[in-house]
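One structure below.
Computed from the coordinates by the stated procedures, all read-outs in this text should not be read as laboratory data. Keep in mind the model is a prediction, meaning the values are calculated, not measured. We place every Cβ from the backbone using ideal geometry, glycine too, and count neighbours over all the protein chains shown.
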Amino acid sequence: MIEIEVYKIDGLCHISARNALKLRRAIFIDLRPDFESQGRYLDVPLFISIPYPEFEKEYMKLDKDKTYILLDVVGIHSKKYCSFLKDKGFDNVYNLIGGFTDWRKKGFPTRTDPNVEFISPCGC
């Protein structure tokens, strides 16, 4: 059995990148709009993008029986939408600690869309 360390704060589960990768069947949901992601994404097998401005109308396509790990740039919107999903009856929802910024900074796998031009100096 794989041991996963999760931090529970105010009823939400927060998970590190290292532990998130141990959840083999978890689906990563990137909440960053295009102007924030700029073609940079997690390189994981189960990945979907639902930008946070569209999330409240798109979440209904998600299966309540699956496990989701939400992320954005640093974890602000993902925390909000983890709470939103919990309120809608989703039990297996995690907030990725530090978002894409920490994921990338700590050397976890990323991919870049070659068709997107990078223009932001922040590297988000």
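Across the range 43-86, what is the total count of residues that are farther than 15 Å from residue 15 by Cα and part of a strand (DSSP E or B)?
The total comes to 3.
Condition first: under 10 Å from the mean Cα position of the chain (by Cα) and surrounded by fewer than 22 Cβ atoms within 10 Å (Cβ to Cβ). Now tell me which residues in the range 82-97 satisfy that.
Residue satisfying the conditions is 97 alone.
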